[in-house]
1. At 222 nm, what helix-only mean residue ellipticity would the chain give, in deg cm²/dmol to the nearest 500, using -39500 (n - 2.57) for each DSSP H run of four or more?
2. What do you get for the angle between helix 13-25 and the principal long axis of the chain? Use alpha-carbon atoms, 0 to 90 degrees, nearest ten.
3. May I ask for the distance between the Cα centers of the range 113-178 and the range 34-98, given as a whole number of Å?
4. Could you work out the relative contact order of the chain, using alpha carbon pairs under 8 angstrom and six or more residues apart, expressed as a whole percent?
5. Take the chain, connect every pair of alpha-carbon atoms lying under 10 Å apart with a spring to form a Gaussian network, then pick out the residue of Leu65, Leu46, Leu130 with the largest mean-square fluctuation.
6. Could you tell me the convex hull volume per residue, in Å³, taken over the Cα atoms of the range 69-178?
7. Solvent-accessible area per residue for the chain at a 1.4 Å probe radius, Å²?
8. Could you run the Karplus curve 6.51 cos²θ - 1.76 cosθ + 1.60 with θ = phi - 60° over the range 101-117 and give me ³J(HN,Hα) per residue in whole Hz, x for Gly and Pro?
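The values are calculated or read from the model by the stated rules, or taken from the named source; none is laboratory data. Please read these numbers as outputs of a predicted model, since none were measured by experiment. In this analysis, Cβ positions are derived from the backbone assuming ideal geometry, glycine residues included, and neighbour counts consider all displayed protein chains. For accessibility, only protein heavy atoms count, side chains too; no ligands or nucleic acids. Shrake-Rupley method; radii C 1.70, N 1.55, O 1.52, S 1.80 Å.
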Amino acid sequence: LIRRSMKGSIDLMTPIQGVLDGLKKGYPKTNGGQPLAEWIDQLASLKRLALYFSGVVVQKYMEKLKEKQALAMLIADFVIEIYAIESGLQRALKIRKMKGEKESALAEQSCMVYLSEKTPELLARTREALFNVAEGNEQEFESYDKALGRIIQPKLAPTEQFKENIAAKVLEKEGYVY
């Protein structure tokens with residue numbers, strides 16, 4: 001993605017600029033009446049976090065990015081995790097639409113557990129990577145860290161209870177539950 005963006009075949013700079021503009025203006029929220037709205041917003045925040053991080057890395061390293069494999073790996077991990085989360089949310093919403101709220105509860109809880117656990121992990125990895133990007137410059141890191149606080153606030157769910165529900169259903173059906 002980064003290579004294609006630098007060659008001009010993909011426009012990543014417009015979405016990155018949108019994230020930077022949102023740091024000043026704020027970010028839109030999903031309609032609160034929509035199912036899983038808070039979690040859809042959390043996914044949108046993760047996407048913004050990935051774009052922000054990618055923008056910082058590209059701006060700082062440009063052509064030297066090939067030498068910064070740990071940073072490129074984090075960007076790739078973001079893409080993978082965001083894809084998995086978005087797929088799970090879309091599947092849960094589809095189940096809700098087709099079978100109703102009761103039947104979609106387990107799929108929704110699975111998404112909430114995954115997002116609740118992955119968001120802080122990705123945020124911590126991003127914070128650590130940005131500290132390394134700042135190369136010891138406290139002021140630079142503080143500006144990155146401040147931006148992270150504006151981009152995303154991890155949402156938590158009662159993961160232990162949800163995991164118990166999921167495990168009980170798997171044991172009851174003795175296999176795949178969706």
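1. Roughly -26500 deg cm²/dmol at 222 nm, from the helical runs in the chain.
2. That helix lies at roughly 80 degrees to the long axis.
3. 11
4. It comes to 23 percent, rounded to a whole number.
5. Top of the fluctuation ranking is Leu65.
6. 117
7. Accessible surface, normalised per residue, equals 62 Å².
8. 5, 4, 6, 8, 4, 5, 5, 5, 5, 4, 5, 5, 4, 4, 5, 4, 8
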